[in-house]
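*Asks:* Take this structure, written in structure tokens, and hold onto it; I'll ask about it next.
The values are calculated or read from the model by the stated rules, or taken from the named source; none is laboratory data. Remember, it's a predicted structure, so these values are computed and weren't measured experimentally. Virtual Cβ from ideal backbone geometry, glycine too; neighbours counted across all protein chains shown. For accessibility, only protein heavy atoms count, side chains too; no ligands or nucleic acids. Shrake-Rupley method; radii C 1.70, N 1.55, O 1.52, S 1.80 Å.
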Amino acid sequence: MSGETVRAGDLAGRAAAAAAALRVMPDGRIQGRVATAGALSVEITGLQSFLSCGSRVEVMGAGGPVPAEIVALSPDRARAMPFGPLDGVRLGATVLFRGDAVLRPGAGWLGRVVDPLGRPMDGLGPLPPGPVAHAVRRPPPEAGLRARLGPRLHLGVRALDAFCTMRRGQRLGLFAASGVGKSTLLSMLARGAECDAIVLCLVGERGRELREFLEDDLGPEGLARSVVVCATSDAPPLMRREAAYAAMTVAEALAAEGRQVLLMMDSLTRFALACREIGLAAGEPPATRGYTPGVFAELPRLLERAGPGAEQNGGGAITGLFTVLVEGDDHDEPVADAVRGILDGHVVLDRRIGERGRWPAIDILRSLSRTVPGCLEPHERTLMTRARAVLSLQGDMAELVRLGAYKAGTDPAVDEALRLGPRIEAFLHQRKDEPMLTVDGAFSALASTMEQPPAPT
């Protein structure tokens, strides 16, 4: 045997031994110390050269390690916010470097409820890891390589299918004040939407409502094809913000396997509030209505990850439905205004419509899907436009009719609006347990309501 062969074999053996040693080496050999500790954050020394914003660390407290994330860096210190309470964390406590945040979601996560760190919340045991590790913070697909929107999507809600028709891979916002039926509408969409998998993200949800939503609204069949990511209202701001990114990561992993994924997030407003708390703790100045500039940078970074993926990635897409909790029915408040400019359409839920007893309380005239021109047949577009015109004219004349100032027969268009308006309102009313229709079925029912037979197929 030659000397070169011996040296090559020796190097190969050493490389294998080094690799084996690295595999069994304990995590967290890179460590620092807590320099200052507050209610919402800690400052760390000794790790600055290894860290970047978004890096994960573990702060060793009296009750065990507390995961945290780096939110700000300076030459001599790093500021970290925790994913849990900082009780028992003392000055000088050890801080271990853990690297960048990753999750390993896969098909085995369907039917499960998890927290933003990928830990089970349903008591059903450990989650099976998926085949690939996915970075939680990642850029959206390159715009020039993304696939186009797919065919129109059956949502199962007549008001949306007929007046705000969606396409596969579209992103739609649901704008409403509290108590106007957003959760009920989401449950209807979870049961009736045409998709392979659902990722449901609950940001800042009331803890007592989780099981009610899962068992009463989503139901066993809906849960079986869903992954639920939940951070309750008492969770630290970092955990509430992370819920949105974790849900997006799960949706991306399922879409990468070729699935058509419906991502429903409730709500973007609570995500923005969590980002504001984090920004203020990191030293950002408050700007528009107290929101920090970083909030309006985080929103597009999150939302642009939804939609159709790159064409070579198996044909999977993420169709997004994002709720926005408008403050005091102000639909021009900063978060609502920013989100409306990013998404591909908006649906407005109006409290006054619900008070009249029509649910879901969707204001058809203020709702818009930007993809409607590309997914409706000519006769469907004509029918929808006529129905909108009838509802608009009925609304304009409602006060005159109540005052008795309009006499029947004066204007044929007004007479038609007063005759057809209540019938369209009845068409828009839909109980949450009512059988679902396809988009074609919704337009056929609207045509019957308008006394216009559907075009022959």
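*Asks:* Please give the peptides 161-174, 187-200 ranked by average Cβ packing (other Cβ atoms within 10 Å per residue), highest first, as a rough proxy for protection.
*Replies:* Details: 161-174: 24.5, 187-200: 21.9.
Packing order, densest peptide first, comes out as 161-174, 187-200.
*Asks:* Continuing with the same structure: Ranked highest first by average number of other Cβ atoms within 10 Å, how do 257-263, 116-122 line up?
*Replies:* Values: 257-263: 21.9, 116-122: 16.6.
Output ranking for 257-263, 116-122: 257-263, 116-122.
*Asks:* In whole Hz, with x marking every Gly and Pro, tabulate ³J(HN,Hα) for the range 172-188 from phi via Karplus 6.51 cos²θ - 1.76 cosθ + 1.60, θ = phi - 60°.
*Replies:* 10, x, 10, 9, 6, 7, 5, x, 10, x, 5, 5, 5, 5, 4, 5, 5
*Asks:* If R₀ is 51 angstrom, what is the calculated FRET efficiency for the pair residue 102 and residue 415, using the beta carbon separation as r and rounding to 0.05? If you can, show how the numbers build up before the last one.
*Replies:* Numbers: r = 64 Å, r/R0 = 1.25.
With a Förster radius of 51 Å, E is 0.20.
*Asks:* Please report how far the C-alpha centroid of the range 29-99 lies from that of the range 272-348, rounded to the nearest whole angstrom.
*Replies:* Cα centres, the range 29-99 to the range 272-348: 28 Å.
*Asks:* Is the shape of the range 58-204 rounded, prolate or oblate, going by the alpha carbon gyration tensor and its root eigenvalues a ≥ b ≥ c, with a/c under 1.5 for rounded and a/b larger than b/c for prolate? Please list the in-between numbers first.
*Replies:* Working: a/c = 2.13, a/b = 1.94, b/c = 1.10.
Prolate is the answer for the range 58-204, as a/c is 1.5 or above and a/b outweighs b/c.
*Asks:* Given the protein chains as shown and a 1.4 Å probe, how many square angstrom of residue 232 are accessible, to the nearest 10?
*Replies:* 30
*Asks:* Could I ask something else about it? If amide H atoms are built 1.01 Å from N in the plane of the peptide, which residues on other chains or at least 5 residues away come under 5 Å of the amide H of residue 153?
*Replies:* 166, 167, 168
*Asks:* If you roll a 1.4 angstrom probe over the protein chains with everything in place, what fraction of the accessible area of the range 131-239 belongs to carbon and sulfur, to the nearest %?
*Replies:* On the way: 2080 of 4130 Å².
Roughly 50 percent, rounded to a whole number.
*Asks:* What is the ratio of the Cα radius of gyration of the chain to 2.2 N^0.38 Å, with N the residue count, to two decimals?
*Replies:* Numbers: Rg = 26.3 Å, N = 457, 2.2 N^0.38 = 22.6 Å.
The chain yields a ratio of 1.17.
*Asks:* Relative contact order for the chain using alpha-carbon pairs under 8 Å, separation at least 6, rounded to a whole percent? Numbers along the way, then the final one.
*Replies:* Details: 894 pairs, mean separation 72.1, N = 457.
After rounding, I find 16 percent.
*Asks:* Quick one: which of 235-241, 212-218, 284-290, 318-324 comes out on top by average Cβ neighbours within 10 Å, and what's the full order, highest first?
*Replies:* 318-324, 235-241, 212-218, 284-290
*Asks:* Taking 41 Å as R0, compute the FRET efficiency from the Cβ-Cβ separation of residue 62 and residue 297 and round it to 0.05. Write out the running numbers ahead of the final one.
*Replies:* Details: r = 36 Å, r/R0 = 0.89.
With a Förster radius of 41 Å, E is 0.65.
*Asks:* I want to check the label-to-label distance for residue 365 and residue 138. Put each point 7 Å from Cα in the C-beta direction and report it in nm to one decimal.
*Replies:* Distance between the two pseudo-spin positions: 4.5 nm.
*Asks:* Then there is this: Per residue, what accessible area does the chain have, given a 1.4 Å probe and all protein chains present, in Å²? Can you show the working numbers first?
*Replies:* Working: 20560 Å² over 457 residues.
Heavy-atom accessible area per residue stands at 45 Å².
*Asks:* Tell me, what is the 1.4 Å probe accessible area of residue 98, in Å² to the nearest 10?
*Replies:* 90
*Asks:* To continue, here is another question. Once the Cα gyration tensor of the range 267-395 is found, what semi-axes does its equivalent ellipsoid get, as square roots of 5 times the eigenvalues, in whole Å, sorted largest first?
*Replies:* On the way: eigenvalues 198, 106, 25 Å².
In descending order the semi-axes read 31, 23, 11 Å.
*Asks:* Also: Between residue 396 and residue 342, how high is the FRET efficiency from 1/(1 + (r/R0)^6) when r is the Cβ-Cβ distance and R₀ = 30 Å? Nearest 0.05.
*Replies:* On the way: r = 32 Å, r/R0 = 1.06.
E between residue 396 and residue 342, to the nearest 0.05, is 0.40.
*Asks:* Using alpha-carbon pairs under 8 Å, 6+ residues apart, how would you state the relative contact order of the range 80-183 in percent?
*Replies:* Details: 74 pairs, mean separation 19.1, N = 104.
That works out to 18 percent.
*Asks:* So, one more: Take residue 221 and residue 445, extend 7 Å from each Cα along the Cα→Cβ direction, and tell me the distance between the two endpoints in nm.
*Replies:* Here the answer is 1.6 nm between the modelled labels.
*Asks:* With a 1.4 Å probe and all protein chains kept in place, how do 94, 385 rank by accessible area, largest first?
*Replies:* Numbers: 94 35, 385 75 Å².
In descending accessible area the options line up as 385, 94.
*Asks:* Along the Cα→Cβ direction, 7 angstrom out, place labels at residue 332 and residue 87. What is the inter-label distance in nm?
*Replies:* So the two model labels end up 4.7 nm from each other.
*Asks:* Here's something else I'd like to know. If contacts are Cα pairs under 8 angstrom and at least 6 residues apart, what is the relative contact order of the range 181-242 in percent? If you can, show how the numbers build up before the last one.
*Replies:* Details: 60 pairs, mean separation 26.3, N = 62.
Computed value for the range 181-242: 42 percent relative contact order.
*Asks:* Could I ask something else about it? Report, for the chain, the % of DSSP beta bridges that are antiparallel, rounded to 5. Intermediate values should be presented prior to the final figure.
*Replies:* Details: 36 of 67 bridges.
Just about 55 percent of them are antiparallel.
*Asks:* Next up: Given the Cα-Cα distance of residue 10 and residue 423 and 0.36 nm per residue of separation, how much length would full extension add, in nm?
*Replies:* Values: separation 413, 0.36 × 413 = 148.68 nm, distance 8.49 nm.
Using 0.36 nm per residue and subtracting the Cα-Cα distance, I get 140.2 nm.
*Asks:* Could you sort 83, 50 by their accessible area in this structure, using a 1.4 Å probe and putting the largest first?
*Replies:* Details: 83 10, 50 105 Å².
Sorted descending by solvent-accessible area, the residues read 50, 83.
*Asks:* Right, another one. Please list the equivalent ellipsoid semi-axes of the range 226-333, computed as the square roots of five times the alpha-carbon gyration tensor eigenvalues, in descending order and whole angstrom. Walk me through the numbers before you get to the answer.
*Replies:* Numbers: eigenvalues 150, 40, 38 Å².
Equivalent ellipsoid of the range 226-333: 27, 14, 14 Å, largest first.
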